[in-house]
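*Asks:* Dumping the structure here so I can ask a few things about it.
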């Protein structure tokens, strides 16, 4: 455990230096999500004015709550996509030779990928997280059953996100090409996970695919806990599903890391780029 | 001690869609060698001989296809994690360090991954920075380092866990001569302190200076082993003697021919007669005596014994084993 904590400390420093290489990154950490949120809001706005929209989706009649709904989506998406970016950067470690240097050490591979993902997550998303929470409080859209639901929402976002990030990193043990992460997980993730639209508006088959991505259920919990005043009892089913999904992702990560390292030891692929 | 027995490593051919995979590539083929603690052992061969593959198997980055590798009696496959605590690898070039961390932060990062005790990590980082001459640049981001500085940092990284065995794969590649000389001194000191070192290098003078025992591999197979001196002598390569006379002396050619060695006659840029003599033994003394007795006036005499490089080149083209113990 102590050795794993030291890996977390090391990765924390590394991710900090990588992400904060330039001071301008602070602006992109806040401005990029805010711009994305604004784009989404004004894209959705014409839809809300369509005849009968308010009957199917009552939220459209309350612009403040609609914005909060979309902001929660953007916040959760920022968390999850920062892990896609982190995995992409992880793949660059092959080129710099540092992936091989990491695998020369006795450090736990699981600790390495978990530390890599969680460090990137915390450092990428803290600013927008604070901004989103402050905005929700200021605009009166924050509606909690009790203060403890803030912690439940945070855990429902962080734990699956870290498991997701570790899983993506472990996939890159097999593939040198990380571009597929962006292709598969940028715009499709927006759509499938219900970031822009409520899940009921999506076809059943897309909803089924969306369940595979932890972002989908994290978002349901986040919106329920922060905007709709639901408590743990109301969200128990979703929380259980998230816990199971996170455990499955972590189990798959452990397996992929073991198989992936063995594959690399057999083929020499760790040094290829 | 690191011991490999009949080590074989083959890489499977890459699978291609709708086409059968080609044959596997044998990078190391039945290699048996020993790397004792407290000594520098050389591993030599031409490009593609299997040196780097061997080193990566010893470093646990690759898994043997067959044969065994043990480090202090621990199997490299079954006890990989324990072995990683005892070894480290330094490869030539400027890779294996993080450009956006400072030199000190890089060493701290890897110290954390190796779980170096906190009580000694700070001191060890200072000592290593001093050792590789980077104390003044310790707080500078590595992206601002020169190539040589990055490589020196990579060397310090390889020593952060105070390894019992150090695997050096072309460690002085691209280093300035004074830095390379300092590194050789560091390696010699490490061996004196009990570290077992395996060295591959294209700078054979470096190998002759540092290694007490050398293994020569070609196409993954051991073709010779022994001390650098024994390896050079074992190939029976000729010594060459170059002789320049002040002016032509008719009796000299006959005197040289009488020595029974292969020789060539020519002229230098100042039109003075020259003789190039090749012989398994050093015939410089006999040649000088014979020339002087024949009336020749010697203005230059240069003896070139065969070098380790000549021996390696000769062995690389020799399929049969050359025992040079």
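*Asks:* Averaged across B:104-114, how many Cβ atoms of other chains sit within 10 Å of each residue's Cβ atom?
*Replies:* Mean partner-chain Cβ count within 10 Å for B:104-114: 6.
*Asks:* Any idea what the relative contact order of chain B is, in percent, if you count C-alpha pairs under 8 Å spaced at least 6 apart? Intermediate values should be presented prior to the final figure.
*Replies:* Values: 642 pairs, mean separation 65.6, N = 325.
20 percent.
*Asks:* Is segment B:220-273 best put as rounded, prolate or oblate by its Cα gyration tensor, with a ≥ b ≥ c the root eigenvalues, rounded for a/c under 1.5, and otherwise prolate when a/b is larger than b/c, oblate when not? Don't skip to the end; give the middle numbers.
*Replies:* Numbers: a/c = 4.09, a/b = 2.65, b/c = 1.54.
Here segment B:220-273 falls in the prolate category.
*Asks:* Taking the Cα atoms only, what angle lies between the long axis of helix A:214-226 and the longest principal axis of chain A, rounded to 10 degrees?
*Replies:* Value to nearest ten degrees: 40.
*Asks:* Taking chain B as a Gaussian network, where each spring joins two C-alpha atoms under 10 Å apart, which residue of B:252, B:223, B:40 fluctuates the most?
*Replies:* In this elastic network of chain B, the residue with the biggest mean-square fluctuation among B:252, B:223, B:40 is B:252.
*Asks:* Please compute the length gained on full extension between residue A:8 and residue A:243, using 0.36 nm multiplied by the number of residues separating them and subtracting their Cα-Cα distance.
*Replies:* Here the segment from residue A:8 to residue A:243 would lengthen by 82.4 nm.
*Asks:* Order B:182-190, A:212-220, B:46-54 from most to least packed using the mean count of other Cβ atoms within 10 Å.
*Replies:* Top to bottom by mean Cβ count within 10 Å: A:212-220, B:46-54, B:182-190.
*Asks:* Which distance in nm do the two modelled labels at residue B:288 and residue A:151 give, with both placed 7 Å along the Cα-to-Cβ direction?
*Replies:* Going from the residue B:288 label point to the residue A:151 one covers 9.1 nm.
*Asks:* What's the center-to-center distance, using Cα atoms, between segment B:253-301 and segment B:157-185 in Å?
*Replies:* First find each Cα centre; the distance between them is then 44 Å.
*Asks:* Test of understanding: in a Gaussian network model of chain B with alpha carbons linked when under 10 Å, which of B:269, B:200, B:65 would top the mean-square fluctuation ranking?
*Replies:* Highest fluctuation among the options: B:269.
*Asks:* Still on this structure: So what's the angle, to the nearest 10 degrees on a 0 to 90 scale, between helix A:63-96 and the longest Cα principal axis of chain A?
*Replies:* 10 degrees
*Asks:* Report for segment B:2-233 the percent antiparallel among DSSP-assigned beta bridges with both residues inside it, nearest 5. The partial results should precede the final answer.
*Replies:* Working: 22 of 39 bridges.
Of the beta bridges lying entirely in segment B:2-233, close to 55 percent run antiparallel.
*Asks:* Please order B:154, B:10, B:32 by the number of other Cβ within 10 Å, starting at the fewest.
*Replies:* Working: B:154 24, B:10 18, B:32 14.
Ascending Cβ contact count within 10 Å gives the list B:32, B:10, B:154.
*Asks:* From other protein chains only, count the Cβ atoms within 10 Å of every residue's Cβ in A:154-160, then give the mean.
*Replies:* 0
*Asks:* Express in % the proportion of alpha carbon pairs of segment B:2-233 at distances exceeding 24 Å. Provide the component values of the computation, followed by the final result.
*Replies:* Details: 12391 of 26796 pairs.
It works out to 46 percent of all Cα pairs.
*Asks:* Which one, A:55, A:93, A:261, has the greatest fluctuation when you compute a Gaussian network model over chain A with C-alpha springs under 10 angstrom?
*Replies:* Result: A:55 has the largest fluctuation of those listed.
*Asks:* Rounded if a/c is under 1.5, else prolate if a/b is larger than b/c, else oblate: which is segment A:2-271, with a ≥ b ≥ c the root eigenvalues of its Cα gyration tensor? Intermediate results must be reported in sequence, preceding the final value.
*Replies:* Working: a/c = 1.90, a/b = 1.81, b/c = 1.05.
Prolate, because a/c is 1.5 or more and a/b exceeds b/c.
*Asks:* On a 0 to 90 degree scale, rounded to 10, what angle separates helix B:284-293 from the longest Cα axis of chain B?
*Replies:* Result, in degrees: 20.
*Asks:* Rounded, prolate or oblate: which fits the protein assembly as shown, taking a ≥ b ≥ c as square roots of the Cα gyration tensor eigenvalues, rounded meaning a/c under 1.5, else prolate when a/b beats b/c?
*Replies:* prolate
*Asks:* Could you tell me the center-to-center distance, by alpha carbons, between segment A:1-70 and segment B:224-239 in angstrom?
*Replies:* Using only Cα atoms, the two centres lie 69 Å from each other.
*Asks:* Can you put B:192, B:221 in order of Cβ neighbours within 10 angstrom, beginning with the fewest?
*Replies:* If I rank by nearby Cβ atoms, fewest first, I get B:192, B:221.
*Asks:* Looking at the protein assembly as shown only, what percent of DSSP beta bridges run antiparallel? Nearest 5 please.
*Replies:* 70 percent
*Asks:* Considering every residue in A:9-15, what mean count of other chain Cβ atoms within 10 Å of its Cβ is obtained?
*Replies:* Details: counts 3, 8, 3, 1, 6, 7, 1.
Mean partner shielding for this stretch: 4.
*Asks:* Ranked by Cβ crowding within 10 angstrom, fewest neighbours first, how are A:103, A:69 ordered?
*Replies:* Going from sparsest to densest Cβ surroundings: A:103, A:69.
Rule-based calculations on the coordinates, nothing more; no lab input. On a predicted model such as this, the values are computed, not experimentally measured, just so you know. Using ideal geometry, Cβ is built from the backbone for each residue, glycine included, and neighbour counts are taken over all protein chains shown.
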